[in-house]
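Chemist: Here it is: the structure, laid out below.
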Amino acid sequence: MKNKNISTFIACEAAYDEADIVLFGIPFDGTTSFRPGTRFAMQAIRPDSYGLETYSPYLQRDLEDTRVFDGGEVELPFGNTEKAMQEILDYTRQVVADGKKFMMVGGEHLVSLPTIQAAYEKYPNLHVIHLDAHTDLRQEFLGEELSHATVIHRCHDFLGDGRIFQFGIRSGTKEEFDWAKEHTHLEPFTATTLQETIEKLRDVPVYITIDLDVLDPSIFPGTGTPEPGGWTYRELMEAIQSFQSLNHIVAADVVELSPQYDVSGGSTAVACKTIREMLLTLAK
């Protein structure tokens with residue numbers, strides 16, 4: 001777990017042994033079905049993070065007061081999705097075994113599957129809060145059970161009913177929405193029941209996964225599957241601020257930035273700020 005990066009995310013320069021949180025990137029977009037490019041997210045995020053202040057006026061906390069180790073990128077094989085998922089699982093298991101919280105940055109959303117699994121192995125009562133434009137609840141997609149379109153269904157395979165809470169969802173098949181009625185808490189479009197969910201989950205282990213395409217494409221165009229009708233950044237920040245009431249957030253991820261689709265750099269700035277706020281949330 002030695003940090004060989006020359007470039008790190010802003011203020012994430014603690015040594016691994018002394019760190020409370022491990023930040024790492026997963027450069028994988030091997031099942032992307034529309035526009036690829038999320039493998040390049042962290043290459044854009046790290047240098048752009050220095051356009052941020054370390055202090056969050058939203059949460060009134062400072063990254064300078066945290067101990068975060070930036071572990072670089074998980075090295076993955078090309079062309080073998082199952083092996084890539086195993087490599088991610090092995091890496092994350094080690095982080096969890098060493099008593100660290102972690103912040104993963106994708107990568108397409110499938111990479112959340114092994115990181116959620118690693119957290120679940122440590123915390124069998126794990127619950128997941130999922131912010132996204134898409135249901136991600138297909139049983140299979142084009143014959144493949146491992147896909148960015150099936151990731152939350154695959155998590156349900158081991159988590160079971162009553163453990164997954166989905167917000168902002170505005171795209172999916174009829175079958176997915178019908179399946180969710182029986183197996184997950186899915187609130188389409190908004191997050192009006194998020195505070196109620198947080199009250200329910202206040203003292204249980206929670207994993208938060210944020211697919212940035214929950215945001216409207218007018219705010220976040222740099223993604224592989226943009227979906228109109230999404231949240232404003234203020235709405236996302238209100239959700240993150242509400243997470244401060246959770247007492248046992250064990251891990252989080254931010255996925256689905258494809259920086260090359262927004263040459264303005266605005267989408268990368270959005271990703272950077274979201275990562276800062278979630279690192280501070282984990283460090284609470």
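The values are calculated or read from the model by the stated rules, or taken from the named source; none is laboratory data. The structure displayed is predicted, hence computed values, not measured ones. A quick note on method: Cβ atoms are made from the backbone with ideal geometry, for glycine too, and the neighbour counts reach across all protein chains shown. Side chains are part of the model used for accessible areas, which takes the heavy atoms of the whole protein and leaves out ligands, DNA and RNA. Shrake-Rupley method; radii C 1.70, N 1.55, O 1.52, S 1.80 Å.
Chemist: Only one residue in D157, D161, D136, D178 is within 15 Å of the chain's Cα centre (by Cα), among the charged types (D, E, K, R) and more than 24 Å from I21 (Cα to Cα), so which one is that? Don't jump to the end; show me each part of the working.
Modeler: Numbers: D157 fails: within 15 Å of the chain's Cα centre (by Cα); D161 fails: within 15 Å of the chain's Cα centre (by Cα); D178 fails: within 15 Å of the chain's Cα centre (by Cα).
Going through D157, D161, D136, D178 in turn, the sole match is D136.
Chemist: Next question. Please enumerate the residues belonging to segment 251-269 that are open to solvent by 10 Å² or more (accessible area, probe 1.4 Å) and either touching a strand residue (DSSP E or B) at 6+ places or on another chain (Cβ under 7 Å) or assigned to a loop (DSSP other than H, G, I, E, B) (or both).
Modeler: Across segment 251-269, the qualifying residues are E256, D262, V263, S264, G265.
Chemist: Among V111, V128, V95, which is the only one that is within 18 Å of V68 (Cα to Cα), touching a residue at least 24 places away in the same chain (Cβ under 8 Å) and either buried (at least 24 other Cβ atoms within 10 Å of the Cβ) or not polar (S, T, N, Q) (or both)? Give the steps one after another, and end with the answer.
Modeler: Numbers: V111 fails: within 18 Å of V68 (Cα to Cα); V128 fails: within 18 Å of V68 (Cα to Cα).
Within the list V111, V128, V95, the selection yields V95.
Chemist: Separate question: Could you say whether any residue in segment 206-218 is more than 24 Å from P124 (Cβ to Cβ) and surrounded by fewer than 18 Cβ atoms within 10 Å (Cβ to Cβ)?
Modeler: yes
Chemist: Here's another thing I want to ask about it. Only one residue in L194, L186, L142, L159 is surrounded by 15 or more Cβ atoms within 10 Å (Cβ to Cβ) and farther than 20 Å from G229 by Cβ. Which one?
Modeler: L159
Chemist: Okay, next question. Tell me, please, whether a residue that is out of contact with any Lys or Arg (no Cβ under 9 Å at 6 or more places or on another chain) and closer than 30 Å to Q195 by Cβ can be found in segment 74-91.
Modeler: There is no residue in segment 74-91 that is out of contact with any Lys or Arg (no Cβ under 9 Å at 6 or more places or on another chain) and closer than 30 Å to Q195 by Cβ.
Chemist: Here's another thing I want to ask about it. Could you please tell me which pairs satisfy a Cβ distance under 9 Å, a separation of 6+ or placement on different chains, a first residue in segment 24-35 that is more than 17 Å from E82 (Cβ to Cβ), and a second residue that is of a type in the set (A, V, I, L, M, F, W, C) and assigned to a strand (DSSP E or B)?
Modeler: Partner pairs satisfying both residue conditions: F24/F69; F24/F102; F24/M103; F24/M104; F24/V105; G25/M104; G25/V105; S33/F141.
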